[in-house]
1. Evaluate the following for TYR77: is it among the aromatic types (Phe, Trp, Tyr), farther than 24 Å from THR499 by Cβ and touching a residue at least 12 places away in the same chain (Cβ under 8 Å)?
2. In the list PRO400, PRO369, PRO412, which residue meets the criterion of being closer than 23 Å to PRO13 by Cβ and either surrounded by fewer than 22 Cβ atoms within 10 Å (Cβ to Cβ) or not β-branched (Val, Ile, Thr) (or both)?
3. Going by the structure shown, is TYR51 hydroxyl-bearing (Ser, Thr, Tyr), surrounded by fewer than 22 Cβ atoms within 10 Å (Cβ to Cβ), touching a residue at least 24 places away in the same chain (Cβ under 8 Å) and out of contact with any Ser or Thr (no Cβ under 7 Å at 6 or more places or on another chain)?
4. From the list GLU466, GLU492, exactly one residue is open to solvent by 30 Å² or more (accessible area, probe 1.4 Å) and either touching a Lys or Arg at 6+ places or on another chain (Cβ under 8 Å) or small (Gly, Ala, Ser) (or both). Which is it?
5. Take the stretch 440-485 and flag every residue that is farther than 19 Å from MET47 by Cα, of a type in the set (Gly, Ala, Ser) and out of contact with any strand residue (DSSP E or B) (no Cβ under 8 Å at 6 or more places or on another chain).
6. Give the residue, chosen from GLY262, GLY311, GLY254, that is of a type in the set (Gly, Ala, Ser), out of contact with any strand residue (DSSP E or B) (no Cβ under 9 Å at 6 or more places or on another chain) and closer than 30 Å to PRO369 by Cβ.
7. Is there any pair with a first residue in the stretch 377-391 that is over 14 Å from GLY458 (Cα atoms) and a second that is aliphatic (A, V, I, L, M) and open to solvent by less than 60 Å² (accessible area, probe 1.4 Å) whose Cβ atoms are under 7 Å apart and which are 6 or more apart or on different chains, and what are they?
8. Yes or no: LEU437 hydrophobic (A, V, I, L, M, F, W, C), surrounded by 12 or more Cβ atoms within 10 Å (Cβ to Cβ) and either within 18 Å of SER368 (Cβ to Cβ) or modelled with pLDDT under 95 (or both)?
Amino acid sequence: MTANKSTHTFHIPVMGLAYTIDSPIRVAHYGISSVISIIDDDLIERMRSFYSKKCAIPYQEITQKAVDHRAERISTYLNLVNTIVKDKFENFKDELAESKQNLANYIAMLPNKSEIKQGLLSIMDEGKETVRQYLESHLSPGAIDVNIMTKVDKDNFVKNEQLPTTFNDAHASLRGFANSSLNSSVVLSAGMNPRLYSYFENYEAFYPDENNYLSKKITLKVSDFRSAMIQGNFLAKKGLWVSEYRIESGLNCGGHAFATEGHLLGPILEEFKEKKAQLIQSAHDLMVKALTIKEKHVPVNPLELKITVQGGVGTAEEHDFLLNHFQVDSVGWGSPFLLVPEATSVDAHTRELLAKAKEEDLYLSPISPLGIPFNTLKGTTNEALKQKRILENKAGSSCPKRFLALSKELGPEGICTASKKYQDVKLKELEATKKTLSATMYENAKNKITDKSCLCVGLANASYLENDMQIKGQAQGVVICPGPNMAYFDQEVSLSKMTQHIYGNDSVLTNTNRPNMFIKELKMYVDYLQNEINTVSETLTSGQLKKWHAFKNNLLVGIDYYKELFNGNYFSKVENQKAQKAMEIVKQELLQLAIPELELV
């Protein structure tokens, strides 16, 4: 076992803006990798101030007056996190060497098949020095990865004059990471942004050195193989290597839900497993050509490429199946960690709300200003405050951060559809057409405008509340974005207990009716298709009907795949029978789902 091999077989994905903002500080010394969102530089600056004070590290504020304040804030915070993690990791190794009980507690958190676990068990009684030497040569902290939503790349202005593209939000975030001291990955999510992808070419850290080492890596979050191939090859043509494809369920996930065209997670993973070599070779050949032209170091052999998966996993049986059957390198556990105070930044009220949440409390909402379905939770303080403003005819947010001010409908500087300024305009336009609409049509149109929530503030507030930091401006409360899997986790748990649950040495589940992750996703896709058909507002076209038929057929293909899967020996007999029965019910729902026919004029 080498020091750079992952200690754990799971990672904690990015969650919201605040929920994993300091997760590496909390868990990296245990060897657990996690991802920080680097969208909100205001939150990042305030967290740097908080941790500088907490760790007695000198702090110099970076104000918005600095020309490149966004990138500088991000770099400086990431450097601080890196420093704190390194210090904690060194202290942690000392604690393990000095205390047999601490060592035993740590060993209990490791995967059962871990070489490190077996190694530590074999030397526990050989003395402090032997243990210390083993820890030095085998342990490494978890990765401090960062996330950039590629579409959150707003143009920025100074006194009505547009700044160069390099000052766009996502570009500045990338520059902040590139200039930091981290040796880790940037996880790109929300689809392809060619302009941002091209910006990577400016930084040597993303190119392999003479030892084929990448000091900074690229991870793409994707929903299918085709998308991975297109994006990977696009970057490879620039001499850039994608080190990891992070496959996420289209619907059975937290945050924004990017639904596929009925392609289910199981068949998608099967395709990655079958075609991984093709993915690697295609990118390698293109990268070699690009690096040769650029007169940079050219690796003879392809660089390492990992396939990981996340979205809806909830048991050790599912975790092991993903690792063993699909041969993925790591499994992302997101929503369950919102109930682990040692791992995530969540205020007490919201954590209690999460623990009490049932299936019917978690839903796919229209609240995101991006216009993409967004997984959220009923009963949040954000929802209550938003409804209060609507009832008082004060709909909309003051929009202080403007990260999602991406609509150019009202001007070149962009505006957020959750802002009061935008909603006032749209409600006034709607009022002018009120006489031509039925009462139902009017209410639906009004709700479509006022449903949008201020995610920039709502997704950051939990950290301020947890750390007793002042919240400035208009009250927005907290927005939380768990996946549907949250319904089956109903108690606050320790980090140790959660890791032992992941590895099958304990259980935090009290609800025995939890469906298999694949069946849950299937049911969600059938419901999604039904909802699409029921709520379509525009005149039906042959293209729309063709899309729905393809969606339905893809689901039926997925069901056939799962039937064979659950006839195998991958899961327990009870789990197989339960899944087959549930799948048959969902299949009948799908078969009975009527797709309209095009009316002939």
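1. Details: among the aromatic types (Phe, Trp, Tyr): yes; farther than 24 Å from THR499 by Cβ: yes; touching a residue at least 12 places away in the same chain (Cβ under 8 Å): yes.
Criteria met by TYR77.
2. Details: PRO400 fails: closer than 23 Å to PRO13 by Cβ; PRO412 fails: closer than 23 Å to PRO13 by Cβ.
Within the list PRO400, PRO369, PRO412, the selection yields PRO369.
3. On the way: hydroxyl-bearing (Ser, Thr, Tyr): yes; surrounded by fewer than 22 Cβ atoms within 10 Å (Cβ to Cβ): yes; touching a residue at least 24 places away in the same chain (Cβ under 8 Å): yes; out of contact with any Ser or Thr (no Cβ under 7 Å at 6 or more places or on another chain): yes.
In short, yes.
4. On the way: GLU466 fails: either touching a Lys or Arg at 6+ places or on another chain (Cβ under 8 Å) or small (Gly, Ala, Ser) (or both).
On inspection, the qualifying residue turns out to be GLU492.
5. Once the filter is applied, which keeps residues that are farther than 19 Å from MET47 by Cα, of a type in the set (Gly, Ala, Ser) and out of contact with any strand residue (DSSP E or B) (no Cβ under 8 Å at 6 or more places or on another chain), the stretch 440-485 yields ALA445, ALA475.
6. Working: GLY311 fails: out of contact with any strand residue (DSSP E or B) (no Cβ under 9 Å at 6 or more places or on another chain); GLY254 fails: out of contact with any strand residue (DSSP E or B) (no Cβ under 9 Å at 6 or more places or on another chain).
Selected residue: GLY262, the only one of GLY262, GLY311, GLY254 that is of a type in the set (Gly, Ala, Ser), out of contact with any strand residue (DSSP E or B) (no Cβ under 9 Å at 6 or more places or on another chain) and closer than 30 Å to PRO369 by Cβ.
7. Between residues of the stretch 377-391 that are over 14 Å from GLY458 (Cα atoms) and residues that are aliphatic (A, V, I, L, M) and open to solvent by less than 60 Å² (accessible area, probe 1.4 Å), the close pairs are ARG389/ALA395.
8. Numbers: hydrophobic (A, V, I, L, M, F, W, C): yes; surrounded by 12 or more Cβ atoms within 10 Å (Cβ to Cβ): yes; either within 18 Å of SER368 (Cβ to Cβ) or modelled with pLDDT under 95 (or both): yes.
Yes.
The values are calculated or read from the model by the stated rules, or taken from the named source; none is laboratory data. Computed from a predicted structure; not experimentally measured. Please note: Cβ atoms are built from the backbone with ideal geometry, for glycine as well, and neighbour counts cover all protein chains shown. Protein only, heavy atoms only, side chains kept; ligands, DNA and RNA dropped before computing areas. Shrake-Rupley method; radii C 1.70, N 1.55, O 1.52, S 1.80 Å.
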